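Single-structure report; data block below.
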Amino acid sequence: MPEYVDPDHATLSISDGQPTIELADVEVSSTEGWSFLHRATLLVVDGPGDEGFLLRRLSAQGGDVAPAGWDEAVASHGSVTVLASGARIVATVLEESPEGQ
């Protein structure tokens, strides 16, 4: 089950065109086997087994916390880089199935 990460402990950015999520005070047991699902209101970083993180994409005021160009960078790269407690994870973007559109 993904663990909720408070917005104060997550930073979304784009570095050299690569979408990046930096998680503070979060431990991961493995850097392999991660995937990423992004929607207009939330982000899911799903890891091996029960490991994973759920992040709100909207601030308390209702604004998008993702930087300009985030969706385009995610689509272009097909992955996001997640930095957590010194670990670097590459999470592959999950494609939406035709039934979900």
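The values are calculated or read from the model by the stated rules, or taken from the named source; none is laboratory data. Quantities reported herein were computed from a predicted structural model and do not represent experimental measurements. Cβ coordinates were reconstructed from backbone atoms using ideal geometry, including for glycine residues, and neighbour counts include every protein chain displayed.
Summary table
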{"quantity": "Residue list for the range 56-76, filter: surrounded by fewer than 14 Cβ atoms within 10 Å (Cβ to Cβ), closer than 15 Å to ALA40 by Cβ and hydrophobic (A, V, I, L, M, F, W, C)", "calculated": "ALA68, ALA75"}
{"quantity": "Residue list for the range 1-45, filter: among the polar types (S, T, N, Q), surrounded by fewer than 14 Cβ atoms within 10 Å (Cβ to Cβ) and touching a strand residue (DSSP E or B) at 6+ places or on another chain (Cβ under 6 Å)", "calculated": "THR41"}
{"quantity": "Residues of the range 54-88 satisfying the condition of being in contact (Cβ under 8 Å) with a residue 24 or more places away in the chain and more than 24 Å from ASP16 (Cα to Cα)", "calculated": "LEU54, SER59, ALA60"}
{"quantity": "In the range 55-79, the residues that are assigned to a strand (DSSP E or B) and touching an Asp or Glu at 6+ places or on another chain (Cβ under 7 Å)", "calculated": "LEU58"}
{"quantity": "Test result for ASP6, on the phi < 0 side of the Ramachandran plot and free of Cβ contacts under 8 Å to residues at least 12 places away in the same chain", "calculated": "yes"}
{"quantity": "Residue in the range 84-95 that is touching a Ser or Thr at 6+ places or on another chain (Cβ under 9 Å), basic (Lys, Arg) and either assigned to a loop (DSSP other than H, G, I, E, B) or modelled with pLDDT under 90 (or both) present", "calculated": "no"}
{"quantity": "Selection from the range 9-52 of residues that are hydrophobic (A, V, I, L, M, F, W, C) and either part of a loop (DSSP other than H, G, I, E, B) or modelled with pLDDT under 90 (or both)", "calculated": "ALA24, VAL26, VAL28, TRP34, ALA40"}
{"quantity": "Given (1) in contact with a strand residue (DSSP E or B) (Cβ under 8 Å, 6 or more places away or on another chain); (2) over 15 Å from THR11 (Cβ atoms); (3) surrounded by 12 or more Cβ atoms within 10 Å (Cβ to Cβ), number of the condition PRO48 does not satisfy", "calculated": "(1)"}
{"quantity": "One residue from GLU22, GLU27, GLU3 being touching a Ser or Thr at 6+ places or on another chain (Cβ under 7 Å), of a type in the set (D, E, K, R) and more than 21 Å from HIS77 (Cβ to Cβ)", "calculated": "GLU27"}
{"quantity": "Selected residue (criterion: nearest to the chain's Cα centre (by Cα)) from residues of the range 21-74 that are of a type in the set (Gly, Ala, Ser) and within 13 Å of THR92 (Cβ to Cβ)", "calculated": "SER35"}
